[in-house]
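One structure is given here, and the rest of the page talks about it.
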């Protein structure tokens, strides 16, 4: 039987909600960005949860840690892109600050989980 144990991880649950926040913020982007920045941000955001799920399905701790590293990288990619969106006035500084808080929390959780899997 297939196990979806990753769904029980607090970091996965928080990352899912974070992805929804990112999608909501992308709605503020202008139409001209639908193909460019919006698409890139959304793909990277989904990659965060996708790589947690894929990593947790791996049999070795080394593989798990590798996918968590990819997830962390995607998290930082989105944060950088959202900073650009704020500089372009697509979102407000307050909106970015709220996302920052959640991003930092998820980053710490991913780092902790990765450290635990590198035993």
Query - Count of the range 1-50 residues which are part of a helix (DSSP H, G or I) and over 19 Å from the mean Cα position of the chain (by Cα) - result: 3
Report summary line: Here the residues within the range 67-78 that are surrounded by fewer than 19 Cβ atoms within 10 Å (Cβ to Cβ) and in contact with a helix residue (DSSP H, G or I) (Cβ under 7 Å, 6 or more places away or on another chain) are 69, 70, 77
Query raised in the report: Across the range 99-119, which residue is nearest to residue 64 (Cα to Cα) among those that are loosely packed, with under 12 Cβ neighbours inside 10 Å and either within 13 Å of the chain's Cα centre (by Cα) or without any contact (Cβ under 8 Å) to a residue 40 or more places away in the chain (or both)?
Result: 115
Query raised in the report: Cβ-Cβ below 6 Å, separation at least six or inter-chain, first residue in the range 56-71 and touching a residue at least 24 places away in the same chain (Cβ under 8 Å), second part of a loop (DSSP other than H, G, I, E, B) and surrounded by fewer than 18 Cβ atoms within 10 Å (Cβ to Cβ): which pairs?
Result: 64/58; 65/118
Report summary line: Within the range 63-98, the residues that are more than 11 Å from the chain's Cα centre (by Cα) and closer than 14 Å to residue 15 by Cβ are 67
**Report entry** Residue check for residue 44: closer than 12 Å to residue 25 by Cβ, modelled with pLDDT of 95 or more and surrounded by 18 or more Cβ atoms within 10 Å (Cβ to Cβ)
**Finding:** no
Report task. For residue 75, work out the one condition from (1) over 12 Å from residue 45 (Cβ atoms); (2) assigned to a helix (DSSP H, G or I) it doesn't fulfil. Result -> (1)
Query raised in the report: What single numbered condition from (1) over 19 Å from residue 97 (Cβ atoms); (2) buried (at least 16 other Cβ atoms within 10 Å of the Cβ); (3) touching a helix residue (DSSP H, G or I) at 6+ places or on another chain (Cβ under 7 Å); (4) at pLDDT 95 or above fails to hold for residue 50?
Result: (3)
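The values are calculated or read from the model by the stated rules, or taken from the named source; none is laboratory data. The shown structure was predicted, so the numbers you read here are calculated from the model rather than taken from an experiment. Glycine also receives a Cβ, built like all others from the backbone with ideal geometry; neighbour counts cover every protein chain displayed.
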